[in-house]
Amino acid sequence: MAAVNDGFGQDCGEDVASPNPMGNFLLWRAYAAHRRVPAPPAADTFWSTTTLLEYHSGFVTLRTASQEEAKRQLQLTLLVNNRHRGTARRGLIVSGPPGAGKSTNLLELGRSFERSEMAKRPGSPDYLPVVFVAIPPSCTPKGLVKEFARFLGIPVHDRMTETTITDAVCRVMVERRTRLVFIDDVHLLNTRTRLGADSSDQVKALAERVPATFVLAGVNVETSALLAGPRGAQIAARFKVLRTAPLLNGTIDQKAAWRKLLGDMELALRLRNHRCGTLVRNADLIHLRTGGVLASLFALVREAAICSVLDGTLAVTRKLLSEVLLDNQATNAARARRPPKESS
């Protein structure tokens, strides 16, 4: 697994949040085009309190086994769809529990594909290989296509009908030769409700009108209402589900993979006094606290690193790893995993 910084070299003195790359195609293009470069060594004079805090706040992107499998499955799906005639193109659903890295997988898949496609066609500003949207809360069919219009930069006013917006969205994606469409948070589409069912139909209609491969992601999609009933059966017949689960720490292979991930994270730390191997030596503790959930793991390591910058120790220790207050999901799960204390 390789680690790369996603944003090093920006002005670390600015207290601003990074823009959402899914905001529109210009932000997405800038995100995909941004070159990731390794951060300077921990002993470099570049590091100040401010730059250390900014770096460990953003930290790094790690290539995990689930990302590699998602990339392989997407490549296969693209090849299957390459010369497909008709509307029933194959698709991919990335599913898993909260915090397992589904959205990160989508961003990495999209970024990799965008960079590959733009490298093949330099000087093609009108080419838009990737479109990326998320399902809004209480989604309606019109609300869904408005999200597409926002990403594509299509002006929308209140008097425009759903049909008008949909036609404009499809026309732009066809004209700009979009090949990959990512839709995040699809678990919000409840086909048991009228709005959810209609929005699900809208996704299906877009997938039929635009000659692109659709990749959906959401929380435990395979058991959600999205795949239930006749409407869900149509989606289930076209999309294969790729499960993204928390990392385990039981078998020899699982332990090796978990420690490899922690070792990669440790190499990415930029703390002058940190003792190399601390994360790996505390692999069992870290797994107990996070349950192998990537979001909780990154939160733990980032916050421990930031605490060490604030207190001046510049080292992640077992004590810090034990004391960081994690999200409620991780806290409750860790409490359930702890063996009961023996009564005296």
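The numbers here are math on the coordinates, done by the rules we state, and not lab data. In this text, all values refer to a predicted model and were calculated from it rather than measured experimentally. Cβ sites come from the backbone with ideal geometry, for glycine too, and all protein chains shown count toward neighbours.
Taking Cβ atoms as reference points and 13 Å as the exclusive limit, the residues near T140 contribute a net charge of -1, counting Lys and Arg as +1 and Asp and Glu as -1. Dipole check for the stretch 65-243: with +1 at the C-beta of Lys and Arg, -1 at the C-beta of Asp and Glu, and the Cα centre as origin, the magnitude is about 500 Debye. Converting the Cα gyration tensor eigenvalues of the stretch 143-265 into ellipsoid dimensions via √(5λ) gives semi-axes, longest first, of 34, 19, 13 Å.
Remark: spin-label model distance V156-K71 equals 3.3 nm, labels positioned 7 Å along the Cα→Cβ axis.
Ranked by the mean number of other Cβ atoms within 10 Å per residue, highest first, peptides 285-298, 240-253 order as 285-298, 240-253.
May I ask for the angle, rounded to the nearest 10°, between helix 194-209 and the longest principal axis of the chain, with both axes built from Cα atoms and the value confined to 0 to 90°? For 194-209 against the chain, the angle is about 80 degrees. For the set K255/K319; K120/K142; K102/K142, the pairs lying more than 29 angstrom apart at their alpha carbons are K120/K142. Compared with the dominant principal axis of the Cα atoms in the chain, helix 141-152 is inclined by about 70°.
Simple spin-label estimate for V241 and N24 gives 3.7 nm between the two label positions (7 Å along the Cα-to-Cβ direction from each Cα). Full extension of the segment from L195 to Y127, taken as 0.36 nm per residue of separation minus the current Cα-Cα distance, would add 21.2 nm. What the Cα atoms of the stretch 65-243 give is an Rg and a Dmax of 15.5, 47 Å.
Database remark: amide H of V241 closer than 5 angstrom to the amide H of I93 (H placed geometrically; neighbours at sequence offset of 5 or more, or on other chains; Pro and chain starts carry no H). Dipole magnitude for the chain: computed about the Cα centre from +1 point charges on Lys and Arg Cβ and -1 point charges on Asp and Glu Cβ, it is near 1100 debye. Along each principal axis, taking the top coordinate minus the bottom one, the Cα set of the chain gives 64, 54, 38 Å in descending order. Of all DSSP bridge pairs formed entirely within the chain, close to 15 percent run antiparallel. Ranking L300, G153, M118 by Cα position along the charge dipole of the chain, where only Lys, Arg, Asp and Glu carry charges on their C-beta atoms, puts M118 farthest toward the positive end. In order along the stretch 313-328, the Karplus-derived 3J(HN,Hα) couplings, from 6.51 cos²θ - 1.76 cosθ + 1.60 at θ = phi - 60°, round to 6, 6, 7, 7, 10, 4, 4, 5, 4, 7, 9, 4, 7, 9, 4, 4 Hz, and Gly and Pro are given as x. Taking a sphere under 12 Å around the Cβ of T161 and counting the other residues whose Cβ falls inside, with K and R at +1 and D and E at -1, yields a net charge of 0.
Over the chain, Cα pairs under 8 Å with separation of 6+ residues give a relative contact order of 20 percent.
Distant-in-sequence amide contacts of F214, defined by a placed amide H-H separation under 5 Å and a gap of 5 or more residues or a different chain, comprise L92, V181. Taking the longest Cα principal axis of the chain as reference, the axis of helix 102-120 is set at about 70 degrees. When you restrict to C-alpha pairs under 8 Å that are six or more residues apart and normalise by the size of the stretch 73-217, the relative contact order lands at 33 percent. Stretched out straight at 0.36 nm per residue, the stretch from Q254 to T45 would grow longer than its current Cα-Cα span by 71.4 nm.
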